[in-house]
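J.: Here's a structure for you.
Read-outs: derived from the displayed coordinates by stated rules, not from any lab. Because the structure is a prediction, the values reported are computed rather than measured. Here the Cβ positions follow ideal geometry from the backbone for every residue, glycine too, while neighbour counts run over all protein chains shown.
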Amino acid sequence: MNKTLRIGTRGSALAMAQSSQVAEELEKAGYQTQLVTVSTPGDRSMAPIAEIGVGVFTSALREALAAGEVDVAVHSYKDLPTEPDPRLSLAAVPVREDPRDALVARDGLTLGELPPGSVVGTGSPRRASQLRALGLGLEVRSIRGNVDTRLRKVTDGELDAVVLARAGLARVGRLAVITETLDPLQMLPAPAQGALAVECRVDDVDTEHLLQSVLDDQASRAAVAAERAMLSALEAGCSAPVGALAEVVDDLDEDGRVALRLSVRGVVATDDDQLVRASITGETTAADQLGRELAAQLLEARAALLSGPGSS
Ligand SMILES: NCc1[nH]cc(CCC(=O)O)c1CC(=O)O
């Protein structure tokens with residue numbers, strides 16, 4: 001194939017870094033690429049994400065792809081709605097970045113070193129619930145804006161700290177600002193955090209095959225599939241903040257042989273910031289099923305917690 005692949009991207013520094021990386025890998029494999037910037041309502045509005053809804057960053061890009069204005073769309077996977085778009089194919093999930101969240105605090109402080117009453121900024125209900133559940137007396141403040149805007153609130157002294165995805169900082173070359181990478185035991189990341197979703201039109205099988213063969217990473221795809229299946233099953237049962245992390249681990253099979261298995265952890269917060277946790281391990285080929293089973297466990301544990309001791 002010798003036509004130029006038009007790659008649709010948002011215009012933010014983070015999105016440009018992501019799509020440039022995808023373009024570079026395709027160029028290395030011998031394909032010609034061209035980046036096409038698509039502006040999205042999520043880039044134009046400063047309203048809280050919770051108000052403007054999921055898909056604000058991704059729907060305009062998907063429309064441009066479906067309409068044939070571009071051949072490929074690169075998204076932050078965690079920003080995609082769980083509802084599949086029948087017009088499009090998830091052709092590739094490239095090797096995932098470190099999925100953990102990161103703290104950027106004044107004076108090089110870690111979470112544990114922030115004094116009670118410290119003000120920590122995040123726009124994410126998932127991060128807010130997990131921060132409050134630590135019991136450190138932190139005050140969580142809702143913020144929005146691109147990576148630089150958020151970091152500036154700490155440098156300017158408006159906030160003591162912010163929590164961001166480590167992957168976002170890595171992609172824009174700002175890892176040095178991190179004062180602590182948060183342990184998933186304290187802060188379970190968003191489902192699919194650190195992963196990219198590379199889409200093409202469902203009927204464009206040539207592009208689908210080339211994207212898959214050049215960019216797709218099976219372990220990343222399996223991990224993200226489990227997390228997203230969990231999220232999707234939970235959306236049907238509750239609207240609470242959700243964290244998830246699936247990892248491919250060495251494990252022993254029934255005959256004592258080392259086998260690759262998928263280990264998945266999930267967390268759901270109640271309205272009063274109690275955290276319900278569950279975990280599951282199984283075959284990497286059964287990612288979706290593992291995610292759904294984990295969701296069922298979480299909903300059951302949450303129902304038990306909310307009905308309280310004594311009631312049955
Ligand atoms: N919701 C915004 C968003 N979407 C993707 C990333 C970067 C991390 C990633 O690729 O998962 C971020 C920033 C953040 O959460 O700090």
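J.: When the chain is fully extended, how far beyond the present Cα-Cα distance does ASP288 get from ASP272, taking 0.36 nm per residue of separation?
T.: On the way: separation 16, 0.36 × 16 = 5.76 nm, distance 2.95 nm.
Stretched out fully, the ASP288 to ASP272 stretch lengthens by 2.8 nm.
J.: Let me ask you something else. For the stretch 139-293, give the magnitude of the charge dipole about the Cα centre (Cβ charges: +1 Lys/Arg, -1 Asp/Glu; no others), in debye to the nearest 20.
T.: Details: 16 positive and 28 negative charges, 124 e Å.
In total the dipole reaches around 600 debye.
J.: Please sort through the DSSP H helices of the chain and keep those with an alpha-carbon extent of at least 18 Å along the long axis and a Kyte-Doolittle average not below 0.0. List each step's numbers first, then the result.
T.: Working: long enough: 13-28 (22 Å, -0.13); 218-237 (29 Å, 0.33); 287-307 (30 Å, 0.28).
Within the chain the helices that satisfy the rule are 218-237, 287-307.
J.: When a/c reaches 1.5 or more, the comparison of a/b and b/c decides; with that in mind, is the stretch 161-285 rounded, prolate or oblate per its Cα gyration tensor?
T.: On the way: a/c = 1.44, a/b = 1.16, b/c = 1.24.
The shape class here is rounded.
J.: Using a Cα-Cα cut-off of under 20 Å, which lysines could be cross-linked to LYS28, ignoring same-chain neighbours fewer than 8 residues away?
T.: Within reach: LYS3.
J.: ALA13 to VAL258: FRET efficiency via 1/(1 + (r/R0)^6), r the Cβ-Cβ distance, R0 35 Å, to the nearest 0.05?
T.: On the way: r = 42 Å, r/R0 = 1.19.
The pair ALA13/VAL258 has a calculated efficiency of 0.25.
J.: From the Cα gyration tensor of the stretch 87-158, with a ≥ b ≥ c the square roots of its eigenvalues, which class applies: rounded if a/c is under 1.5, or else prolate if a/b is larger than b/c, or else oblate? Kindly include the intermediate steps, with their values, before the conclusion.
T.: Details: a/c = 2.18, a/b = 1.87, b/c = 1.17.
Prolate is the answer for the stretch 87-158, as a/c is 1.5 or above and a/b outweighs b/c.
J.: Ranked highest first by average number of other Cβ atoms within 10 Å, how do 271-280, 17-26 line up? It would help to have the intermediate numbers written out before the result.
T.: Details: 271-280: 15.4, 17-26: 18.8.
With the highest mean Cβ count within 10 Å placed first, the list reads 17-26, 271-280.
J.: Separate question: What shape does the chain have by the C-alpha gyration tensor, where a ≥ b ≥ c are the square roots of the eigenvalues, rounded means a/c under 1.5, and otherwise prolate means a/b greater than b/c and oblate the rest?
T.: On the way: a/c = 1.72, a/b = 1.23, b/c = 1.40.
Oblate, since a/c reaches 1.5 and b/c is not below a/b.
J.: Ok, one more. Of the listed peptides 221-232, 66-77, what is their order by residue-averaged count of other C-beta atoms within 10 Å, with the highest listed first?
T.: Working: 221-232: 25.1, 66-77: 21.0.
For the peptides 221-232, 66-77, the packing ranking is 221-232, 66-77.
J.: Report the calculated FRET efficiency for ARG144 and VAL177 (r = Cβ-Cβ distance, R0 = 25 Å), to the nearest 0.05.
T.: Values: r = 18 Å, r/R0 = 0.74.
It comes to 0.85.
J.: Same structure again: Within the stretch 17-39, whose backbone N sits under 19 Å from a point 7 Å along Cα→Cβ of ASP206?
T.: Only 26-35 pass the distance filter.
J.: Now, a different point. Could you please rank LEU299, LEU131, placing first whichever residue has the fewest other Cβ atoms within 10 Å of its Cβ?
T.: On the way: LEU299 19, LEU131 24.
Fewest to most other Cβ atoms nearby, the residues stand as LEU299, LEU131.
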